[in-house]
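The block underneath contains the structure these notes are about, expressed in structure tokens.
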Amino acid sequence: MKQITSIQNPLIKSLVLLQEKAKNRKQSGTFLMEGKREISLALNGGYDIETVLFYPEICSENEAKKIAPNTALIEINKEVFQKLAYRDTTEGILAVAKTKSMQLSDLKLSNNPLILVAEAPEKPGNIGALLRTADAAHLDAVLIANPKSDMYNPNIVRSSVGCLFTNQIATGTTAEIIAFLQEKNINFYCATLQNSTSYHTQDYTTPTALVVGTEATGLTQEWRDAATQNIIIPMQGTIDSMNVSVAAAILIFEAKRQRGF
């Protein structure tokens, strides 16, 4: 079995760049993840794991083989592990995986889909929370309009706790996603302050997309003009907005309630 004990090793240098640079992830078509659950979920989600690196004082060779059978293993020492590990607390195992295409045309939707759309989310933590909510509700897909970063950003991988791999995800421009929804005859309800009606008055039992924007600026006019209906979550406090992942969860589980789940 191959062993790497130097952070100057060319492979280790390339993996550091995978962590730090979206350009390198795009050029190589690969990304680095860490954690037992994340690797297992990625494998279950159909991701191709190229290499597993393990630090034997935390994760044994046998354990690494069980998590990712039939995958090339590399044993690393403490110095290399600490150089690559992104989380403060981790489990001694990392993996190099191939990215997946996130084209709208790749989506496989049910006859009556329920979809979440997020326009230009900026904070990886919010994206991760949206993906966790989407997984909890077993949505058909999550669409990211005008993404600010690639979905394999390590902060997104980490904050989604593996739900990056359990959801169908596609990205595109606002115009592309609106056209996709219209072509598929999917009604879309846009969470916005302007010209809105209370969210619970709408019928989400037909093919539906729920659309949320950023906390700072909300949705663009393009979404508000094209919406089947603009909706609002009534609030009784002083502020007029809430965390985007919280707002999305309220809308999603109202739709699930109406659908009898």
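The values are calculated or read from the model by the stated rules, or taken from the named source; none is laboratory data. Please read these numbers as outputs of a predicted model, since none were measured by experiment. Because the Cβ atoms are built from the backbone with ideal geometry, glycine has one as well, and the counts that use them run over all protein chains shown. Only protein heavy atoms, including side chains, enter the accessible area calculation; ligands, DNA and RNA are left aside. Shrake-Rupley method; radii C 1.70, N 1.55, O 1.52, S 1.80 Å.
Remarks
- Considering the stretch 34-104, the qualifying helices (runs of 4 or more DSSP H), each wholly inside and each with 2 or more residues that are under 24 Å from residue 17 (Cα atoms), run over 36-44, 78-84.
- In the stretch 12-33, the qualifying residues are those that are part of a helix (DSSP H, G or I) and small (Gly, Ala, Ser), and the one that is nearest to residue 82 (Cα to Cα) is 14.
- Boolean, residue 21 is closer than 19 Å to residue 158 by Cβ, touching a strand residue (DSSP E or B) at 6+ places or on another chain (Cβ under 9 Å) and among the basic types (Lys, Arg): no
- Extreme residue, nearest to residue 183 (Cα to Cα), among residues of the stretch 216-261 that are within 21 Å of the chain's Cα centre (by Cα) and among the β-branched types (Val, Ile, Thr): 252
- Once the stretch 28-71 is narrowed to residues that are of a type in the set (A, V, I, L, M) and in contact (Cβ under 8 Å) with a residue 40 or more places away in the chain, the residue that is farthest from residue 13 (Cα to Cα) is 41.
- Residue in the stretch 101-113 that is among the hydroxyl-bearing types (Ser, Thr, Tyr) and touching a residue at least 60 places away in the same chain (Cβ under 8 Å) present: no
- The sole residue among 73, 53, 41 that is among the hydrophobic types (A, V, I, L, M, F, W, C) and within 17 Å of residue 157 (Cα to Cα) is 41.
- Looking only at the stretch 119-148, and only at residues there that are small (Gly, Ala, Ser) and open to solvent by 40 Å² or more (accessible area, probe 1.4 Å), the one that is modelled with the highest pLDDT: 136
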